[in-house]
Structure formats: C-alpha cells, structure tokens
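Asks: Would you mind keeping the following structure in view while I ask a few things?
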Amino acid sequence: MILRTCRLVPVFLLALLAACSGLPTAQDADVMPIVHDGNAHRGMKRAVVVIPGAMASVGMFEPVLDWDLGDGAVLAYRFPGLDGTKLNHRLDIAAAGELIAETMDKLEVEEVYLIGFSTGGPVALEAARRLPRKEVSVALISSAGPFPAGIEASVEGFFDVVGALVRSHGTSMEDAWLENYRTLLYGRKHYVNGDTAKQSKVLAEEQRGQLLTPGPRMTMAHTADLMTWTLPQDPNLAKAKIGVFHGREDTVFPIGPTSRFAVSIPADGMKIYDGQGHILFVTAPTLWDDVRTFFGLKAGPPPGE
C-alpha cells in the first residue's frame with residue numbers, strides 16, 4: 001500500500017501542474033494583488049514589501065507595521081483567494097516578482113526591502129533581480145528553494161499529513177491538520193521532548209477552528225509554479241543584500257538544501273534557529289527584530305507612545 005502511494009504522489013503532481021496551467025496570472029486576470037498600509041506615495045524614500053507563502057495570509061507580517069520607516073510604507077502581495085482576492089488567477093513566481101518591481105518603479109522608491117516567507121521567498125528574489133537601479137535588501141524566511149525543492153516538499157508533506165492522521169487516531173481531518181501544524185512548528189523530532197511537545201500542542205489547539213484547509217483549486221493556484229521554478233543567473237541579483245532566516249528543524253524546506261541554496265545565490269548572511277521548524281513567525285520571538293536589524297531599519301516607538 002505504501003509503495004503504491006509513493007507511485008501515486010508524482011502522478012498527482014503532474015496532474016496538478018497540468019490543471020493549473022489554464023489559470024491566468026494576476027496580470028492577465030487584471031488583478032492587483034498588491035495593497036499598502038495607506039502611507040504609499042510616489043517618490044517616497046523606502047518601501048517594505050511582504051510576501052506570504054502558499055495558503056498564508058499577509059496578516060502574518062503584522063509586526064512589520066510597527067517599524068519606523070520614516071518616509072515609507074509597507075506593501076503586501078496577496079495570494080489568490082486570500083485576503084480579499086478572488087481565486088480567479090494563479091501565482092506565477094516570475095510574473096509576481098515582475099509586478100512588484102514595476103510597482104516599485106512606478107512609485108519611484110529609493111530603497112526596497114523585500115520579505116518573502118516560504119513560497120514568497122522566490123517571489124522576493126524575482127523582484128529583487130528586476131530592480132537593479134534601486135537599493136534592495138531581501139529577507140528570506142523559511143524560504144522555498146529552486147527545483148526540485150517544491151516537488152520534494154509536496155511529497156514529504158503528504159507523508160507528514162498521513163503521519164499526523166495516524167497520531168490523531170483518525171478522529172477527524174481537523175485533528176490531523178492540527179497534528180501536522182505541530183510538525184510545522186518544531187519539526188518531526190520534537191515529540192520526544194516533553195516541554196516542546198506540550199508547547200506545540202497548546203499552540204495547535206489555539207488554531208482549532210481557524211486553520212485554512214485549502215481545496216485542490218487553491219492548492220494548485222498557490223503551489224504549481226514552484227514545482228518547476230529555478231532562479232536564473234542574473235548579475236543584477238548580486239547587487240541586492242540578501243539574508244536567510246531558517247529553522248534547523250524545518251520539514252518543508254530542510255536546512256541542508258537551504259544552506260546550499262544560500263551559498264549559490266549568494267546570500268550575505270544566514271541565521272539558523274535551533275529547534276525551530278517552518279513557522280518561525282510563531283515560534284521564534286526575535287525573528288522580526290532580527291530581520292529589521294539585518295535591514296538596518298529602526299524600531300517603532302514603544303507601545304503606548
């Protein structure tokens with residue numbers, strides 16, 4: 001049965017790619033997925049552009065709104081079917097990067113700070129290499145890598161969900177998703193650590209009734225392009241300052257391939273969070289300060305001021 005399942009997973013991925021090819025990109029569907037915090041204007045000095053991952057809301061970047069940007073704004077790229085957008089287009093990584101770069105050029109921004117989480121990492125890199133005349137910094141958080149990273153993540157993720165279903169005793173799919181969420185938080189090994197296992201269970205229960213369980217159409221729209229994405233060799237990318245922020249126990253995009261990808265870009269620095277998994281924005285309390293410090297930006301005023 002397991003061997004038969006192993007053969008079926010690659011077939012499913014091929015079907016997913018074929019089915020998704022009919023959906024237009026944001027440009028072809030006349031969708032503007034980019035929104036801002038109300039402070040964006042032509043000629044502003046700096047812009048922070050946040051890009052979530054597949055099945056993730058831009059709300060994960062809320063702490064960034066507290067940064068002191070001076071003459072600047074926070075902009076967000078929304079994925080199809082989330083944060084007020086319709087599921088009438090697909091994520092094309094290169095096209096999304098191009099749209100972000102065009103927006104920065106139209107706003108005549110001097111400094112661009114790109115933050116990409118998971119699948120948003122490749123989008124940030126595609127945008128960065130299209131902004132050679134600007135000062136660009138990139139933070140890759142739990143970032144996806146080039147082919148075959150997307151395919152490997154899908155296969156491994158399938159078996160993680162099966163394992164979660166077993167651990168939850170098959171009581172319900174919600175319980176299985178919550179069990180899998182625990183793996184995303186701290187990795188596959190954390191269950192033998194009593195304190196961390198207890199913490200992951202508490203955090204998972206806080207998500208009960210709130211976890212997004214996407215259907216095939218949204219899954220295709222968000223992830224299909226990552227299956228074949230590669231980062232073109234582009235000298236413009238060398239002009240950008242790039243930092244990688246990754247959990248050592250990340251089960252979606254493992255630390256080994258990610259480290260090699262960071263060297264190949266090449267990244268200017270890499271911070272590894274021991275004992276942390278894929279969802280660093282939940283488990284790593286210093287993450288946003290680490291990113292802000294890497295960018296060289298100021299913290300906002302203390303709460304209440």
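Asks: Could you put K201, K86 in order of accessible surface area, largest first, with the 1.4 Å probe and the full protein assembly present?
Replies: Order by accessible area, largest first: K86, K201.
Asks: Top mean-square fluctuation among H89, H36, H246, Gaussian network model of the chain, C-alpha springs under 10 Å?
Replies: Result: H36 has the largest fluctuation of those listed.
Asks: Please calculate how many Å² of accessible area the chain carries per residue, with a 1.4 Å probe and no DNA, RNA or ligand atoms counted.
Replies: So the chain comes to 47 Å² accessible per residue, rounded to a whole number.
Asks: Of the listed values (1) 0.99; (2) 1.04; (3) 0.96, grab the one calculated as Rg/Rh (Cα atoms, Kirkwood Rh) from the structure here.
Replies: After the calculation, the listed value that fits is (3).
Asks: Can you work out the PRE-style zone for D268? Point 7 Å along Cα to Cβ, and I want the residues of region 281-300 with backbone N under 16 Å.
Replies: The answer is 290-298, whose backbone nitrogens lie closer than 16 Å to the label point.
Asks: Helix 255-264 versus the longest principal axis of the chain: what angle, 0 to 90°, nearest 10, using Cα atoms?
Replies: Approximately 30 degrees, to the nearest ten.
Asks: Same structure again: Let me know the charge dipole size of region 143-239 about its Cα centre in debye, to the nearest 20, where only the beta-carbon of Lys, Arg (+1) and Asp, Glu (-1) is charged.
Replies: Charge dipole of region 143-239: 160 debye, to the nearest 20.
Asks: How big is the charge dipole of region 127-172 about its Cα centre, in debye rounded to the nearest 20, if each Lys and Arg gets +1 on its Cβ and each Asp and Glu gets -1 on its Cβ?
Replies: 380 debye
Asks: Putting +1 on Lys and Arg Cβ atoms and -1 on Asp and Glu Cβ atoms, find which of L99, G194, P148 reaches farthest to the positive end of the dipole of the chain.
Replies: P148
Asks: So, counting K/R as plus one and D/E as minus one, what does the shell of residues with Cβ under 13 Å around I272 add up to?
Replies: Counting the neighbours of I272, the net charge comes to -2.
Asks: Extension gain R188-T171, at 0.36 nm per residue separation less the Cα-Cα distance, in nm?
Replies: Contour length minus the Cα-Cα distance gives 4.0 nm.
Asks: Using the Karplus curve 6.51 cos²θ - 1.76 cosθ + 1.60 with θ = phi - 60°, work out ³J(HN,Hα) for each residue of region 285-300 in order, rounded to whole Hz, and write x for Gly and Pro.
Replies: x, 8, 3, 5, 5, 4, 5, 4, 5, 4, 6, x, 9, 8, 6, x
Asks: Once neighbouring chains are kept in place and the probe is 1.4 Å, which whole percent of the accessible area of region 151-305 is contributed by carbon and sulfur?
Replies: Exposed carbon and sulfur together represent 57 percent of the surface.
Asks: Same structure, new question: Which value, in debye to the nearest 20, describes the size of the charge dipole of the chain about its Cα centre when Lys and Arg Cβ atoms bear +1, Asp and Glu Cβ atoms bear -1, and nothing else is charged?
Replies: In total the dipole reaches around 640 debye.
Asks: Right, next: I100: net charge of surrounding residues, Cβ under 9 Å, Lys/Arg +1, Asp/Glu -1, itself excluded?
Replies: Here the charged neighbours net out to -2.
Asks: At a 1.4 Å probe radius, which order do T251, T286 fall into by accessible area, largest first?
Replies: From most accessible down to least: T286, T251.
Asks: Once you have the Cα-Cα distance between F159 and L212, take 0.36 nm times their residue separation minus that, and quote the gain in nm to one decimal.
Replies: 17.2 nm
Asks: Can you give the accessible area of R167 in Å² (nearest 10), computed on protein heavy atoms with a 1.4 Å probe?
Replies: Surface open to solvent at R167 totals about 90 Å².
Asks: Also, I was wondering about something else. Of all DSSP beta bridges in the chain, what percent run antiparallel (nearest 5)?
Replies: That works out to approximately 10 percent antiparallel.
Asks: Let me know the number of lysine pairs in the chain closer than 15 Å at the Cα, not counting same-chain pairs under 8 apart.
Replies: Lysine pair count for the chain: 9.
Asks: Select from G84, G145, G72 the residue whose mean-square fluctuation is largest in a Gaussian network model of the chain (Cα-Cα springs shorter than 10 Å).
Replies: Sorting by GNM fluctuation, first place goes to G84.
The values are calculated or read from the model by the stated rules, or taken from the named source; none is laboratory data. If you're wondering where the values come from, they're calculated on a predicted model, not measured in any experiment. Glycine gets a Cβ as well: all are built from the backbone with ideal geometry, and neighbour counts include every protein chain shown. With ligands, DNA and RNA removed, areas are computed over all heavy atoms of the protein, side chains included. Shrake-Rupley method; radii C 1.70, N 1.55, O 1.52, S 1.80 Å.
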